[in-house]
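Right, one structure below, let's go through it.
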């Protein structure tokens, strides 16, 4: 765990002293779009872009899901970093970096911008033509994948439909602050008060989610939208990692009736199972966060099965 300072990598855990023990996430820096519009620096082209991800990271997982759903596997190549993130940050490891034979993701950030300072995060959407980072904000990447390449793939499935965008954004905001980022606020808190606040906010909102899913199949409307996939990547990791490692232990997600059925249904969408690797995920969290888990021991449990039958025909 570290960051780039004055052009050099520094191995440094998150500083929570100035935030009363609360974890504060850094904003993404690279925020360009891919567009067919005249004058666009980045245009939709097959083979031009490369995606760097970790299978452990819920933010990166979103982009893998959209790459799968939008049939972009032959359009956008992908690299998976090593499971553990140690003193040098994300490592390319034995698989290597296919583009520049780099060892670490921070070198890629400095290649894109030698003046960059801050955390080095995944996902990274890279442009091979101009040799720079297009975008490292997962929300913006999945929205690029949702529509920018439609003419190349012929896939016009829309997970961010215009008519529902206002409600999707409202739901996204609540879920991001309380659940997606909420588990990290609990897990990375360094004071009891900060942890308590994050813990109660998280479970209050999981109770809200359980109630919402008791009355409707998906988060917004009667079909799967971006909001569902943005939530799914946190929920699928909950019992394996966040319940124990991040002390989010009021109850397991599998003990929520409606939420657990909802996760099972999303997991069983064709192609989604192939984007999930919970063993890799546990190795990353338990083996990398030595401030939280000093021994680096990775727990064997809990065995989870997301292909259990669920009522696909339930009416709300």
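Nothing in this text is a laboratory measurement; each read-out follows from the coordinates by a stated rule. Only a predicted model underlies this, so the values are computations on that prediction, with no experimental measurement involved. A quick note on method: Cβ atoms are made from the backbone with ideal geometry, for glycine too, and the neighbour counts reach across all protein chains shown.
Observations on the model:
- Theoretical gain in end-to-end length, residue 156 to residue 274 [0.36 nm per residue, Cα-Cα removed]: 40.3 nm
- R0 of 22 Å, Cβ-Cβ distance residue 33-residue 223: FRET efficiency to nearest 0.05: 0.30
- Out of every Cα-Cα pair that segment 162-269 contains, those further apart than 23 angstrom amount to 24 percent.
- Shape parameters for segment 238-316, alpha-carbon atoms, Rg then Dmax in Å: 14.5, 48
- Range of Cα positions in segment 91-141 per principal axis (Å), largest first: 29, 21, 20
- Bridge type composition, the chain - antiparallel percent by DSSP, nearest 5: 80
- Separation between Cα centres of segment 153-207 and segment 281-305, rounded to whole Å: 23
- Only helical runs count toward this figure. For the chain, summing -39,500 (n - 2.57) over DSSP H runs of n ≥ 4 and dividing by all residues gives -10000 deg cm²/dmol at 222 nm.
- Base-10 log of normalised Debye intensity for the chain (one unit scatterer per alpha-carbon) at q = 0.12, 0.14, 0.15 Å⁻¹: -0.85, -1.18, -1.36
- Entry for segment 2-153 at q = 0.15 Å⁻¹: log10 I(q)/I(0) = -0.78, Debye formula applied to identical alpha-carbon scatterers, no solvent contribution.
- Distance between segment 31-70 and segment 124-146 - C-alpha centres, whole angstrom: 4
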